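Reviewing the structure listed below.
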Amino acid sequence: MARLRVVIPALVHAFIKSKTEYPGATVLGWLSQFASYGAMYTAISLISARFGALGGWLWPDMALLLSFHLLAYSLGASLSFTQFRAVEEKVRLGTFDAILVKPIGPWTFLVFSGLNIGYLGHIVTAVGLMARALSRVSIDWSIPGIVYFAATLVSAAMLVAALMTMIGATALLWVRSNHLFAIFFGFWELARYPLTIFPLPLQVLMLSVAPRAS
């Protein structure tokens, strides 16, 4: 445990340092994320305004749903997406074996040696939208309610990380696994909308086989 307290910060620091060698590119990446998600959420708000509600959800409710959806994803994916998407290539080239002989666990090494700071743009966008939504949604906050909200956010992020870990780990069996990420993101895009607008079979699927429902 003491060794991990030293190794993990060193891995994170080295990776962040390598990614911030070109700060202009990093900032442009964040700005492109702001623009992309801003345009997407504007389109959803226009649809909601045109029809009054979407699946019984008004725009402030939808904004809270979308911000929670994006924040949970960005927290979980920062610990898993780029790291486990690269497992296929490591297995195919045989370089994954080098990870197995390192003095820390393969999962720990992969996660913290590739911590994706690119998701900072997602996080800032999600927090801004959530703050705006909470100012317009009537919620009777209490200590249990706050704890429940935080626990739900953490569990959703852990679910994202777990699903991406499982997808990446299939490369150890099938070598090719990255096509499964396309399936994941297909369901992830559907999860932007209230579950009730989908037909029953798809609702069941998104609550069980692909647990991404909102």
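The values are calculated or read from the model by the stated rules, or taken from the named source; none is laboratory data. Note that the structure is predicted; figures quoted are calculated from it, not measured. Using ideal geometry, Cβ is built from the backbone for each residue, glycine included, and neighbour counts are taken over all protein chains shown.
So that you can scan it fast, the table gives a plain yes or no per residue for (1) in contact (Cβ under 8 Å) with a residue 60 or more places away in the chain; (2) over 14 Å from the mean Cα position of the chain (by Cα):
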{"site": "Leu159", "(1), (2)": "yes, no"}
{"site": "Ala171", "(1), (2)": "yes, yes"}
{"site": "His179", "(1), (2)": "no, yes"}
{"site": "Ile183", "(1), (2)": "no, yes"}
{"site": "Gly186", "(1), (2)": "no, no"}
{"site": "Ala191", "(1), (2)": "yes, no"}
{"site": "Thr196", "(1), (2)": "yes, yes"}
{"site": "Pro199", "(1), (2)": "no, yes"}
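What do you reckon, is Met206 under 19 Å from Leu153 (Cα atoms), at pLDDT 85 or above and not β-branched (Val, Ile, Thr)? Outline the logic, then answer.
Values: under 19 Å from Leu153 (Cα atoms): yes; at pLDDT 85 or above: no; not β-branched (Val, Ile, Thr): yes.
Against the criterion (under 19 Å from Leu153 (Cα atoms), at pLDDT 85 or above and not β-branched (Val, Ile, Thr)), Met206 does not qualify.
Can you tell me which condition Thr196 does not meet? The list is (1) of a type outside the set (Asp, Glu); (2) assigned to a helix (DSSP H, G or I); (3) over 21 Å from Leu79 (Cβ atoms); (4) out of contact with any strand residue (DSSP E or B) (no Cβ under 9 Å at 6 or more places or on another chain), and all the others hold.
Result: Thr196 fails condition (4) only.
With respect to Leu180, is the statement that it is surrounded by 12 or more Cβ atoms within 10 Å (Cβ to Cβ), under 24 Å from Thr95 (Cα atoms) and not basic (Lys, Arg) true? It would help to see each step written out before you state the result.
Working: surrounded by 12 or more Cβ atoms within 10 Å (Cβ to Cβ): yes; under 24 Å from Thr95 (Cα atoms): yes; not basic (Lys, Arg): yes.
Criteria met by Leu180.
Name every residue in segment 129-177 that is surrounded by 14 or more Cβ atoms within 10 Å (Cβ to Cβ) and charged (D, E, K, R), in order of residue number.
Arg132
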